[in-house]
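One structure follows; several queries about it will come next.
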Amino acid sequence: MSRISTHVLDAVLGKPAAGISVLLEKLEAAQWIAVATSATDADGRCSDLKPDAPAGTYKLTFHTATYLERNGRTSIYPEICVLFNCGGDAHFHLPLLLSDNSYTTYRGS
């Protein structure tokens with residue numbers, strides 16, 4: 001089993017992005033099944049998503065529109081979806097660096 005977590009950093013403000021809703025889904029028989037929901041904490045982290053994820057294809061959806069609107073900003077990305085393959089006993093930490101009209105993600109530690 002693997003552990004899945006994420007962290008969102010606001011690259012414009014240079015600080016963690018608190019209060020972003022996050023949905024974790026797993027691909028099962030060609031359908032996305034909700035596995036967990038959470039929201040980023042004051043440090044921009046969701047460490048409680050899935051401590052025991054079986055191997056498979058997963059999708060993290062970050063609902064960014066509300067966060068940006070709350071901060072008086074707009075974006076062409078109302079939500080950001082990150083698909084990834086998870087397997088083995090590893091920890092899958094997938095940070096998101098967010099700005100108004102761009103984002104990047106990577107596998108962290």
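Please verify whether Pro95 is without any contact (Cβ under 8 Å) to a residue 24 or more places away in the chain and either of a type outside the set (Val, Ile, Thr) or closer than 22 Å to Gly14 by Cα (or both), treating the condition exactly as stated.
Numbers: without any contact (Cβ under 8 Å) to a residue 24 or more places away in the chain: no; either of a type outside the set (Val, Ile, Thr) or closer than 22 Å to Gly14 by Cα (or both): yes.
Criteria not met by Pro95.
Whether any residue in the stretch 8-18 is touching a Leu at 6+ places or on another chain (Cβ under 8 Å), touching a residue at least 24 places away in the same chain (Cβ under 8 Å), assigned to a loop (DSSP other than H, G, I, E, B) and open to solvent by less than 10 Å² (accessible area, probe 1.4 Å) is what I want to check.
Within the stretch 8-18, one or more residues are touching a Leu at 6+ places or on another chain (Cβ under 8 Å), touching a residue at least 24 places away in the same chain (Cβ under 8 Å), assigned to a loop (DSSP other than H, G, I, E, B) and open to solvent by less than 10 Å² (accessible area, probe 1.4 Å).
What about Leu23, is it farther than 16 Å from Arg107 by Cβ, in contact (Cβ under 8 Å) with a residue 24 or more places away in the chain and surrounded by 19 or more Cβ atoms within 10 Å (Cβ to Cβ)?
Spelling it out, it is not the case that Leu23 is farther than 16 Å from Arg107 by Cβ, in contact (Cβ under 8 Å) with a residue 24 or more places away in the chain and surrounded by 19 or more Cβ atoms within 10 Å (Cβ to Cβ).
Could you look through the stretch 26-66, keep only residues that are hydroxyl-bearing (Ser, Thr, Tyr) and touching a residue at least 24 places away in the same chain (Cβ under 8 Å), and pick out the one that is nearest to Leu97 (Cα to Cα)?
Thr64
Please go through (1) modelled with pLDDT under 95; (2) touching a strand residue (DSSP E or B) at 6+ places or on another chain (Cβ under 6 Å) for Pro95 and return the number of the only condition it doesn't satisfy.
Tallying (1) modelled with pLDDT under 95; (2) touching a strand residue (DSSP E or B) at 6+ places or on another chain (Cβ under 6 Å), Pro95 fails exactly one: (1).
To continue, here is another question. Can you tell me which residue is nearest to the chain's Cα centre (by Cα) among those in the stretch 80-94 that are open to solvent by 30 Å² or more (accessible area, probe 1.4 Å) and closer than 15 Å to Thr6 by Cα?
Ranking the candidates gives Cys81 first.
Sticking with this structure for a sec: Within the stretch 62-79, take every residue that is aliphatic (A, V, I, L, M) and either under 11 Å from the mean Cα position of the chain (by Cα) or open to solvent by less than 70 Å² (accessible area, probe 1.4 Å) (or both) and give me the one that is farthest from Leu49 (Cα to Cα).
The qualifying residue farthest from Leu49 (Cα to Cα) is Leu68.
The values are calculated or read from the model by the stated rules, or taken from the named source; none is laboratory data. These figures come from a predicted structure and were not determined experimentally. Virtual Cβ from ideal backbone geometry, glycine too; neighbours counted across all protein chains shown. What goes into the accessible areas is simple: the full protein's heavy atoms, side chains included, and nothing from ligands, DNA or RNA. Shrake-Rupley method; radii C 1.70, N 1.55, O 1.52, S 1.80 Å.
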